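The values are calculated or read from the model by the stated rules, or taken from the named source; none is laboratory data. Owing to the predicted nature of the structure, the values given are computational and were not obtained by experimental measurement. So basically every Cβ, Gly included, is an ideal-geometry build from the backbone, and we count neighbours across all protein chains shown. All accessible areas refer to the heavy atoms of the entire protein, side chains included, with ligands and DNA or RNA removed. Shrake-Rupley method; radii C 1.70, N 1.55, O 1.52, S 1.80 Å.
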Amino acid sequence: MAYEVKDINLAEQGSMNIAFAETQMLALLEVKKRFVKEKPLKGIKVGMALHVTKETAVLVRTLIAGGAEVAITGCNPLSTQDDVAAALAKEGVEVYAYKGETKEDYYKYLNKIISFKPHITIDDGCDLVTEIHSKHKELIPSLIGGCEETTTGVIRLKAMERDGALKYPVIAVNDNDTKHLLDNYYGTGQSTLDGLIRATNILLAGKTFVVLGYGSCGKGTALRARGLGANVIVTEINHFKALQAKYDGFRVMKMEEACKLGDIFITVTGNKHVIRLEHMKQMKTGAIMANSGHFDIEIDVAGLNKEAKGVKRIRPFLDEYNLNGRNIYLCGEGRLVNLAAAEGHPSEVMSTSFCGQALAVEYCVKNKGKLKPSVITLPKEVDDNIAKLQLNALGITIDTLTPEQIKYLASWDEGT
Ligand SMILES: NC(=O)c1ccc[n+]([C@@H]2O[C@H](COP(=O)([O-])OP(=O)(O)OC[C@H]3O[C@@H](n4cnc5c(N)ncnc54)[C@H](O)[C@@H]3O)[C@@H](O)[C@H]2O)c1
């Protein structure tokens, strides 16, 4: 049995969810159609550590349609959709994942993917790449390349590259415009609020909503929170991003001030301990904290667990802590709230992200042996092609440059 899932009997529900996701992922289905004809991934084994969601299942099917063999595990202990994992297992995919994995199982499953001996890795957060580099170097010679989905993973890969530790080429799919400017912005924006609302069902109108980090994810989250009537405060460490937040109409201040004002706090920095005990101790009673950054280290949950008088799980993804005689709340154990308490990004936005993954895998195969062990950005044309596929899927056509415009844009002699 080449799978470990929560309950194989959930497969039928999973298949229905995947089928529904497909109705929203037409650009990716176009890539799949071409893959069926051309079989660009024939004979290639792809080992994946991605959130096991219905959208990821559509990517898995696309890679298989292209001729690949696939094995998949999750990239976060709380993000697996058990019905989807079951459906993939039923389709014959090697899948090792369940929602609520222990740390031990998380690493056991990463090692199952390594034992599958992939030629290409797909990671979300770089745990698979680091596990291979630290404990399974013997796999490196047979690896053609890797693909990384998220900002945090790309940051880790760049640190590996800087230290001379990265031993095979990895494509930073997150750096596609059609990834971080769509998925991180519109996807995280909507799904973070979805997770927060499913965990708490609180009214957002009139609340003071603090967003920590004003990058692609933070901008989307702040925008959607304002859309629901919240008063948004942004905290930043980057001067330009702070200025952007100010000019976008948000209050900007230090966390040591914001912590006293907020009703809700969302971390999306990709950084460690941006909410610390010193902040939590000053929060109002009833304050709610959630994280939507990749790892569960943005909020000092360990410190909170140590210092709090008591902790009570009052709803499936909501814990009540008694700190300094006041109750404060933490959603989804501080793990990314949109996947822990909700279903992650809407399928449509994952369509462009995963076109990026499918085309990055194809790019690795086409350029086998030619890419240096480094962090690689896909050529602009690939990114542009993804945007075009998505526009086609939406039934939108755009203007093209006239010959006169092309000439004008390439000239310097026509001025005032
Ligand atoms: N929840 C999801 O589904 C999802 C989706 C995409 C990305 N992510 C993750 O979300 C995180 C953010 O991604 P991004 O693409 O927005 O990154 P980004 O680099 O665009 O933005 C991060 C921002 O946080 C700021 N920051 C860093 N340390 C800070 C601190 N101490 N206080 C306040 N601000 C601080 C940075 O200056 C930057 O502007 C990453 O961990 C990424 O992997 C999650």
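Scanning the range 128-149 for residues that are farther than 14 Å from P373 by Cβ, within 16 Å of the ligand (Cβ to nearest atom) and in a helix (DSSP H, G or I) yields L128, T130.
Across the range 383-416, the number of residues qualifying as under 40 Å from the mean Cα position of the chain (by Cα) and more than 30 Å from D175 (Cβ to Cβ) comes to 1. Listed by position, the helices (runs of 4 or more DSSP H) inside the range 1-76 whose residues that are farther than 19 Å from C147 by Cα and within 20 Å of the chain's Cα centre (by Cα) number at least 3 are 11-23. Scanning the range 44-67 for residues that are open to solvent by less than 10 Å² (accessible area, probe 1.4 Å) and either touching an Asp or Glu at 6+ places or on another chain (Cβ under 6 Å) or among the aliphatic types (A, V, I, L, M) (or both) returns V46, M48, A49, L50, V52, A57, V58, L59, V60, L63. Out of the residues in the range 98-127 meeting the condition of being within 16 Å of the ligand (Cβ to nearest atom) and not in a loop (DSSP other than H, G, I, E, B), tell me which one is nearest to the chain's Cα centre (by Cα). Going through the qualifying residues, I end up with D123. In the range 259-277 there is at least one residue that is of a type in the set (V, I, T), more than 11 Å from the ligand (Cβ to nearest atom) and at negative phi. Of all residues in the range 206-256, those being among the basic types (K, R) and more than 25 Å from the chain's Cα centre (by Cα) number 4. In the set A302, A360, A287, which member is loosely packed, with under 15 Cβ neighbours inside 10 Å, aliphatic (A, V, I, L, M) and away from the ligand (no atom under 11 Å from the Cβ)? After applying the criteria, what remains is A302. Would the range 150-158 turn up any residue that is among the small types (G, A, S) and near the ligand (Cβ under 9 Å from one of its atoms)? Yes, there is a match, as at least one residue in the range 150-158 is among the small types (G, A, S) and near the ligand (Cβ under 9 Å from one of its atoms). Hey, does the range 194-209 have a residue that's open to solvent by less than 10 Å² (accessible area, probe 1.4 Å), at pLDDT 95 or above and not hydrophobic (A, V, I, L, M, F, W, C)? Within the range 194-209, one or more residues are open to solvent by less than 10 Å² (accessible area, probe 1.4 Å), at pLDDT 95 or above and not hydrophobic (A, V, I, L, M, F, W, C). Close Cβ contacts (under 9 Å, 6 or more residues apart or on different chains) running from residues in the range 298-316 that are within 17 Å of M283 (Cβ to Cβ) to residues that are open to solvent by 70 Å² or more (accessible area, probe 1.4 Å) and aliphatic (A, V, I, L, M) comprise L304/V311; N305/V311.
Can you tell me which residue among G332, G310 is at pLDDT below 95, open to solvent by less than 50 Å² (accessible area, probe 1.4 Å) and more than 30 Å from A387 (Cα to Cα)? Walk me through it before giving the result.
Values: G332 fails: at pLDDT below 95.
Exactly one of G332, G310 is at pLDDT below 95, open to solvent by less than 50 Å² (accessible area, probe 1.4 Å) and more than 30 Å from A387 (Cα to Cα), namely G310.
For the residues V154, V84, V95, the requirement of being within 29 Å of S351 (Cβ to Cβ), in a helix (DSSP H, G or I) and more than 15 Å from the chain's Cα centre (by Cα) singles out V84.
If the requirement is being under 23 Å from N305 (Cα atoms), surrounded by 17 or more Cβ atoms within 10 Å (Cβ to Cβ) and touching a helix residue (DSSP H, G or I) at 6+ places or on another chain (Cβ under 9 Å), which of these qualifies: T269, T221, T235?
T269
Residue pairs whose Cβ atoms lie under 6 Å apart, separated by 6 or more positions or on different chains, with the first residue in the range 71-95 and closer than 15 Å to L10 by Cβ and open to solvent by 20 Å² or more (accessible area, probe 1.4 Å) and the second assigned to a helix (DSSP H, G or I) and modelled with pLDDT of 95 or more, are D82/L10; D83/L10; D83/Q13; D83/G14; K90/A11.
Among the residues making up the range 198-224, a single one is near the ligand (Cβ under 9 Å from one of its atoms), part of a loop (DSSP other than H, G, I, E, B) and without any contact (Cβ under 8 Å) to a residue 60 or more places away in the chain: Y214. Name the residues in the range 166-186 that are in contact with a His (Cβ under 6 Å, 6 or more places away or on another chain) and surrounded by fewer than 24 Cβ atoms within 10 Å (Cβ to Cβ), would you? None; the set is empty. The conditions of being under 16 Å from T121 (Cβ atoms) and of a type outside the set (K, R) are not met by A341. Counting only residues that are touching a residue at least 40 places away in the same chain (Cβ under 8 Å) and closer than 19 Å to D296 by Cβ, the range 155-186 holds 1 of them.
The one condition from (1) under 19 Å from the mean Cα position of the chain (by Cα); (2) of a type outside the set (A, V, I, L, M, F, W, C); (3) open to solvent by less than 10 Å² (accessible area, probe 1.4 Å) that G145 does not meet is (1). For the range 290-299, residues that are acidic (D, E) and either more than 14 Å from the ligand (Cβ to nearest atom) or open to solvent by less than 10 Å² (accessible area, probe 1.4 Å) (or both) total 1.
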